[in-house]
Amino acid sequence: MSCGTVRVTLSDTLTSWSIRIGALLSKYHKWLTVFTGPCILSYERPPCFAAPKSRQADTLETRSRITEIPQTLILALTIVLAAGWLAGCASTGKARIYRFTDTYTGGPNKQTETADRIEREATYAVYFKLLRTEECIRVSMSAQKAGQENIFLQEKALPMFFIVEKAIDIRKLAVPGQQFMFSELGRNYDINFKPKQDVEICSDEAYPIKRLDAAVYRIRFSALSGEDFELFTSVFSNASQAVIYADPEQAFK
């Protein structure tokens, strides 16, 4: 390395980034040369013969310019690159793949109406039965205004709000008029009532009422409007195919 050379080095873990940062800074400081090494950040002048007086002035001026380089700029650029690298690693996670799907198509009617409400609006329900214990399931639901022939006309699509519940057998408790109660497992909307088309639910082995074992489940839904609609519901599973019922008596047989 020749006399007067400046070396800016970054840690080994940021080797590839230091080269890019050096290239960026070199656009503004032609006298800057970047190398990589084991130090966090260093500036050194290698031992050599004394420079002539005419070059000593240039050397002092160069050092003065070096102190003007904002080290926070290097740190900021490094943090940005590190964040992008971590985000890229996190995005490599794959969505769960399901082997089986059962689908139901129908509209709201008196048979599917429930006594419960969502935001004081009438709710309806379809039921499904898991034949085997599942690690996770996915429930998807969409709707369109009744009478629409082309299902791809998005202007007639309706947002659907639904809650997935597990039926709990309470017959041993001898509650008058009740054989089952329903415990919520998940819903497709947040506290601001922003809905999603589907929701994934995974079994919680720590709580029996949240286990996805062989049992009957209910999807209670509402469009939160008085409009008539046609519903499309799918249940995705892996251990075995879920079976969807519109009639609760069939589901609980």
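The values are calculated or read from the model by the stated rules, or taken from the named source; none is laboratory data. Since this is a predicted model, take the numbers as computed values, not measurements. Ideal geometry is used to build each Cβ from the backbone, glycine not excepted, and the neighbour counts take in all protein chains shown.
Points to keep in mind about this one:
- Evaluated against (1) at pLDDT 95 or above; (2) out of contact with any Cys (no Cβ under 9 Å at 6 or more places or on another chain), S222 falls short on exactly one condition, (1).
- Of the set (1) touching a Leu at 6+ places or on another chain (Cβ under 8 Å); (2) exposed (fewer than 14 other Cβ atoms within 10 Å of the Cβ), all apply to V175 but (1).
- Qualifying residues in the range 110-148 (those that are in a loop (DSSP other than H, G, I, E, B), in contact (Cβ under 8 Å) with a residue 40 or more places away in the chain and within 21 Å of F252 (Cβ to Cβ)) - the one nearest to the chain's Cα centre (by Cα): E134
- Counting only strands (runs of 3 or more DSSP E) that sit completely within the range 167-253, those holding 1 or more residues that are within 24 Å of E119 (Cα to Cα) and among the aromatic types (F, W, Y) correspond to 180-187, 216-222, 229-237.
- Total residues in the range 202-228, condition surrounded by fewer than 21 Cβ atoms within 10 Å (Cβ to Cβ) and of a type in the set (A, V, I, L, M, F, W, C): 6
- Hey, A239 at pLDDT below 95, crowded, with 16+ Cβ neighbours inside 10 Å, out of contact with any Pro (no Cβ under 8 Å at 6 or more places or on another chain) and of a type in the set (A, V, I, L, M) or not: no
- Here A146 meets the list (1) under 24 Å from Q241 (Cβ atoms); (2) at pLDDT below 95; (3) surrounded by 13 or more Cβ atoms within 10 Å (Cβ to Cβ) almost entirely, failing just condition (1).
- The range 82-132, subset of a type in the set (S, T, Y) and more than 30 Å from S222 (Cβ to Cβ), residue modelled with the highest pLDDT: T92
- Sub-8 Å Cβ pairs linking a first residue in the range 86-109 that is within 10 Å of S237 (Cα to Cα) to a second residue that is exposed (fewer than 12 other Cβ atoms within 10 Å of the Cβ) and at pLDDT below 95, at least 6 apart or interchain, number zero.
- When residues in the range 159-179 are screened for being in contact with a helix residue (DSSP H, G or I) (Cβ under 7 Å, 6 or more places away or on another chain) and on the phi > 0 side of the Ramachandran plot, 0 of them pass.
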